Amino acid sequence: MSSLTTRVAVTLAVCATTFASNLWASEGSSVPLSASDSEPIKLGWMQGFPIPKDKLIMQPESDFFSFPKMRWTVCHIRELMPTKEINRGLGAPVPMTYALDSGIDTVTFQPLGSDKTMTWKASLSANYTDGMLILHKGQIVYETYSGCLNERGKHAAMSMTKSLTGLLAEILVVEGKLDSTAKVDTIIPELKNSAFGSATVRQVMDMTTSLKYSEDYADPNADIWVYSKAASPFPKPSGDKGPNGYFEYLQTLKKDTINHGEVFGYKTVNSDTLGWIISKVTGKDMTSLLSERIWMKMGAEQDGYMTVDAKGVPFAGGGISAGLRDMGRIGQLMLNGGKINGQQLFPSKVVENIQAGGDKKAFAAAGYKTLEGGSYHSMWWVMHNEHGAFAARGVHGQTIYVDPTAEMVIVRFSSFPSAANSKIDPTSLPAYQAVAKYLLNKDRKK
């Protein structure tokens, strides 16, 4: 590297750090440890024989998902929670092909709300990236691992799980096995007296249900914590009379004053209701269906797994952990309209429906500043940008980003200190677009 290139790289790295610091300061938060300083190995989490008491991350402590412990936890969910396997079957995996491009590291972009530039490589540490995979025309052009993750490991997908739940539902709709216009209580009688009973399946799939429910992770009194307590697989305190498990909790939710279908509201309980609907229709739980319809057929390298509640019900709203390349296979399936390795796993109409997007007006009412002009459909985020991109997204920076125009799939596993993607989007969304344009320009020069 020349001295000029070195100076430019250092300057861009400093700009990246400054941008991140300003972003945290604007939110009234103290700046957390950097990605480098919070590396799990560097902090000594779960290392030693025996492991020192102050380096343990384990049950029954409740802080294993707090930063910086979270940077270890996201790769070790199965050591902390009971899970069910998403089995890949007994066949050999179908290898992915490589055409690595070192030029991607030097791609530059301008973060949202900033007048500075940043390199792709600098954005990885700014976003606490644990794993990054880029596929272009079906080949891996970029792959890197950091934090707790290596190519043999599995990482929590968080709410990208929702998109796989939505994908299964959309497959059933297109195949005529699920009526998206049906009222939920006609499929799940147990939800007749809940807010979900009067909603349609489509309103659940697009999260336009009207619910008295708060998912503000920053509010210790929000409904999400009652929900989390019900979902806990561990024994409840003596005398506890609250709901036990996802299905019991969903029956307690009441309708808000607005009508179903009017406003998009990102609420995980919709995903677990959809998981229940899928199981009622197919007679199979989420892990079994994902295994049969996707994992066993896409040439997966590794089994995935899902966390479960005390009654063994998989967490359809955020419970999946999987390998980076297997999530890349999911993205490639979506890019190819349900086809991979020469096999059509589900009708192309499924992806067409998802990519078309949902109600933009209902989505706009939710006020997502970094996703203006977007929509939400079948639990996928649809950008409606010039490339027709759509994505699966999860807290702390998880992403499958599909760009049909550039024939590109990006998968990122991350352990960003804040759960809110609004903090990570400014250095992510424009970076994805910059790489897409880089790949398109490279194609034109061939």
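The values are calculated or read from the model by the stated rules, or taken from the named source; none is laboratory data. What you are looking at is a predicted structure, and each value in this text was computed from that prediction instead of being measured. With ideal geometry, Cβ positions are generated from the backbone for all residues, glycine too; neighbour counts draw on all protein chains shown. The protein model used for the area step is the full one, side chains on, heavy atoms only, and it has no ligands, DNA or RNA in it. Shrake-Rupley method; radii C 1.70, N 1.55, O 1.52, S 1.80 Å.
As a length-normalised measure over Cα pairs under 8 Å and 6 or more apart, the relative contact order of segment 64-130 settles at 16 percent. Highest mean packing first, where packing is the average number of other Cβ atoms within 10 Å per residue, the peptides 77-89, 224-236 line up as 77-89, 224-236.
The relative contact order of segment 272-423, computed from alpha carbon pairs under 8 Å that lie at least 6 residues apart in sequence, is 15 percent.
Based on Cβ point charges of +1 for Lys and Arg and -1 for Asp and Glu, what charge dipole magnitude is obtained for segment 148-292 about its Cα centre, in debye rounded to the nearest 20?
So the dipole magnitude of segment 148-292 works out to roughly 260 debye.
A Cβ-based charge dipole, computed about the Cα centre of the chain with Lys and Arg at +1 and Asp and Glu at -1, lands at about 500 debye.
Calculated from the structure at hand, Cα extents along the principal axes in Å is found among (1) 78, 55, 54; (2) 69, 53, 47; (3) 110, 99, 38 as (2).
Only Cα pairs under 8 Å and at least 6 apart count here; give the relative contact order of segment 83-163 as a rounded whole percent.
On the way: 74 pairs, mean separation 19.4, N = 81.
Relative contact order comes out at 24 percent.
Per-atom-type breakdown for the chain gives carbon and sulfur 54% of the accessible area (1.4 Å probe, protein chains only). Only helices reaching 27 angstrom along their own axis (Cα) with mean Kyte-Doolittle hydropathy no lower than 0.5 count here, and for the DSSP H runs of the chain these are 3-26.
Sorted largest first, the spans of the alpha carbon positions of segment 135-206 along the three principal axes are 48, 28, 17 Å. The magnitude of the dipole of segment 341-432, with charges of +1 and -1 set on the Cβ of Lys/Arg and Asp/Glu and taken from the Cα centre, is near 260 debye. In whole angstrom, how far apart do the alpha carbon centroids of segment 280-309 and segment 382-446 sit? Taking the Cα centre of each part, segment 280-309 and segment 382-446 sit 26 Å apart.
Mean residue ellipticity at 222 nm, helices only, the chain: -9000 deg cm²/dmol; runs of at least 4 DSSP H residues each add -39,500 (n - 2.57), and the sum is divided by the number of residues. Taking every DSSP beta bridge that has both ends in the chain, the antiparallel portion is near 100%.
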